[in-house]
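Take a look at the structure set out below.
The values are calculated or read from the model by the stated rules, or taken from the named source; none is laboratory data. All values derive from a computational prediction rather than experimental measurement. For neighbour counting, all protein chains shown are included, and Cβ atoms are generated from backbone atoms with ideal geometry for every residue, glycine included. When the accessible area is computed, the model is the full protein with side chains, heavy atoms only, and any ligands, DNA or RNA have been set aside. Shrake-Rupley method; radii C 1.70, N 1.55, O 1.52, S 1.80 Å.
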Amino acid sequence: MGGRQEADVLKAVGSLPINAVKDLVSLGVCHRCILSLFGCYDCICSSPSIPTSALARAFNQVLPQGDYADQVCSVCLGILQFAYMDNNGVFVKNESASELAATIITDHQLDTFALQVSIPPLVLDNQKAVWLYIKTKWSSQLEFLELSKSTKDVFKMAITNTLETSLGVKSTETSFQIRLTYTLAHTSASTQDTSDTNGFSKRRKTGNVEGIRTVQSCTAAGEASADGLKKYIDSEAVSNELQVQGINNFKIPLEKVNQPCCLTYLCYRNPIFIGGRYLKFSRNVSQSRWIIDDERMGEASVEEIIGNIVLPMSKGDTYKFHAAGREDIDVRMLGTGRPFLIEIQNARQVPSSVFMKQVEMRINNLESKRIKVKDLKCLGSNGWDLMREGEAEKQKQYAALVWISRPINDNDLHAIVSLKDMKIMQKTPVRVLHRRSPLGREKIIHWMRVEKIAGSTQYFLLHLCTQAGTYIKEFVHGDLGRTHPSIGSILGCRAEILQLDVTDVKMDCFQDEPL
């Protein structure tokens, strides 16, 4: 501890009411909690490298207290002493906030971080109760400040300063989170108690979070109660005040504490979203991984081809693939491509424009040439909203190779081309009834165009633009009358679709040039 820091601490300690400090020490309250109760926050937060032992020496110069080093605070349960139990049940005590911050290690690429701290509500209740006890007992001799900062606030300010130094970046609202969670020994894993920044407790349902690192395993309570505190807690004045402060059914918490709290910490980046468009050139590649009875359908999937390159490059934990609609495995996706988002969980590498170009190059240079991506961008969570907003209203264009049971003539061509914004009714196709509800849906065929195939009278290419969600295969062959009208009913003959390509998905998102 530097000379100026030592002088500041001595000055702050010297300004404290000695009798009240003696009282607090007898209750097992640590030095940082004592400073906090009397509003001396700067000694804790502005000088986070001050060791606990040096702080004890400063107190001893003003008020000799004997050996206090190994006692766990009965108010903060070791939190402001930067002490904890590790996962082997070993007591670990850091001398300062700086030492604790040095144990928080991450391999994430950082430019900023946000700190979240969760402590048991018992600590906040302890702090309020002791403050009211001292305020009530010594009110005739002391002029008290309001308790404006909770133990959580003080700890968070102290550790934030040191984390900024150790990580070399500033703390602000950002996507990268460092989460410190203090818990009690017998708290259920499914309903951990947490508290907000104002000290009011709330209950949050939690589960096992992948990537959580355990710094310590469990905490303990204590044994003997303090008779002096009980006398004042049980008094009517303090009892009423405790209820006003939201501490109901108060049970004496200031017991001798044998072990500090458990601490777990998690370094985690909120999901990042990479948006773009993909083209699919193979008729044996599904959009997502497709397994039936433990057997893979198709040779690969768009999801896996993209994800297996993006995930290791971003050094994330997992990924999720989202697309604006889907095409069947035997349908190619051509033209401007289909909009998609890939959501990367806990990426260690922050995507840049150079990163995007590298991803595009690696995917597009794959030897198989099954797919291609374009217009990749790193987006915020609003990228998902942009895709969903356009998905319901989008139009799609197709090219279908069609066979009919008789030669096509000019009247057929005119009958097809003349139909504009034609409404059709489609019942759920027979081929998907096993997984979709049997419903009727009205869809719109905006326009159609026929391209003859040289040397053939019964085959032709049908180009069409439809409302999103139209079943094109069923529109061609009629699906046993479940789609009406259909190409077969319009021409009055049997019609079959042999091949289908999506040639355009008309959505404005995730493209460099307008359609």
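At-a-glance table
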item	result
Cross-link partners of LYS128 among lysines (Cα-Cα below 17 Å; sequence separation of 8 or more within a chain)	LYS137, LYS149, LYS152, LYS202, LYS230, LYS231, LYS251
FRET efficiency, 1/(1 + (r/R0)^6) with R0 60 Å, evaluated for GLU255 and HIS484 via beta carbons	0.15
Extension gain from LEU366 to MET425, taking 0.36 nm per residue of separation minus the Cα-Cα distance	17.0 nm
Rounded FRET efficiency, nearest 0.05, which uses the C-beta distance separating LYS315 from TRP138 and R0 of 56 Å	0.50
Convex hull volume of segment 73-155 per residue (C-alpha atoms, cubic angstrom)	139 Å³
Length released on extending from TRP290 to GLU173, taking residue separation times 0.36 nm less the Cα-Cα span	38.2 nm
Net lengthening on full extension, HIS446/LEU115 (0.36 nm per residue, minus Cα-Cα)	113.8 nm
Accessible surface of segment 295-369, 1.4 Å probe, proportion on carbon and sulfur as whole %	49 percent
Cα centre as origin, Lys/Arg/Asp/Glu Cβ charges: segment 439-515 dipole, Debye	420 debye
Karplus-derived HN-Hα couplings along segment 315-330 (A = 6.51, B = -1.76, C = 1.60, θ = phi - 60°), whole Hz, x at Gly and Pro	6, x, 7, 8, 9, 10, 10, 10, 9, 7, x, 8, 10, 5, 4, 8
Computed over segment 439-512, Kirkwood Rh from alpha-carbon pairs, angstrom	13.8 Å
Under 5 Å, built H, 5+ apart or other chain: amide partners of ALA323	LEU341
Under Karplus coefficients 6.51, -1.76 and 1.60, residue-wise ³J(HN,Hα) of segment 26-38 in Hz, glycine/proline x	5, 8, x, 8, 6, 5, 5, 5, 4, 4, 5, 4, 9
For segment 315-418, accessible area per residue (1.4 Å probe, heavy atoms of protein chains only), Å²	49 Å²
Calculated diffusion of segment 392-488, Stokes-Einstein form, Kirkwood radius summed over Cα pairs, 20 °C and 1.002 mPa s, µm²/s	152 µm²/s
Accessible area (Å², 1.4 Å probe, nearest 10) - TRP290	100 Å²
Amide H contacts of ASN270 (H built 1.01 Å from N, under 5 Å, at least 5 apart or other chain)	PHE176, GLN177
Burial order of peptide ranges 335-343, 29-37, 267-275 (average beta-carbon count within 10 Å, highest first)	29-37, 335-343, 267-275
Solvent accessible area, Å² - ASP421, 1.4 Å probe, full protein context	90 Å²
Rg and Dmax [Cα atoms of segment 253-297; Å; Rg one decimal, Dmax integer]	25.2, 71
Accessible area of ILE497 in the full protein assembly, 1.4 Å probe (Å², nearest 10)	30 Å²
5 angstrom amide H check on CYS76, placed H, neighbours 5+ away	CYS30
Cross-link reach list, lysines versus LYS357, counting only Cα pairs under 17 Å and skipping chain neighbours closer than eight places	LYS315, LYS372, LYS374, LYS377
Per-pair calculated FRET efficiency, R0 = 22 Å: GLU496 and HIS463 via Cβ, rounded to 0.05	0.80
Using distinct alpha-carbon pairs, which all enter the 1/r mean, Kirkwood radius of segment 245-403 in Å	18.5 Å
Rg/Rh ratio calculated on Cα atoms of segment 13-127 (Kirkwood radius)	0.99
Long-range lysine pairs (8 or more apart or interchain), segment 397-503, Cα under 14 Å	5
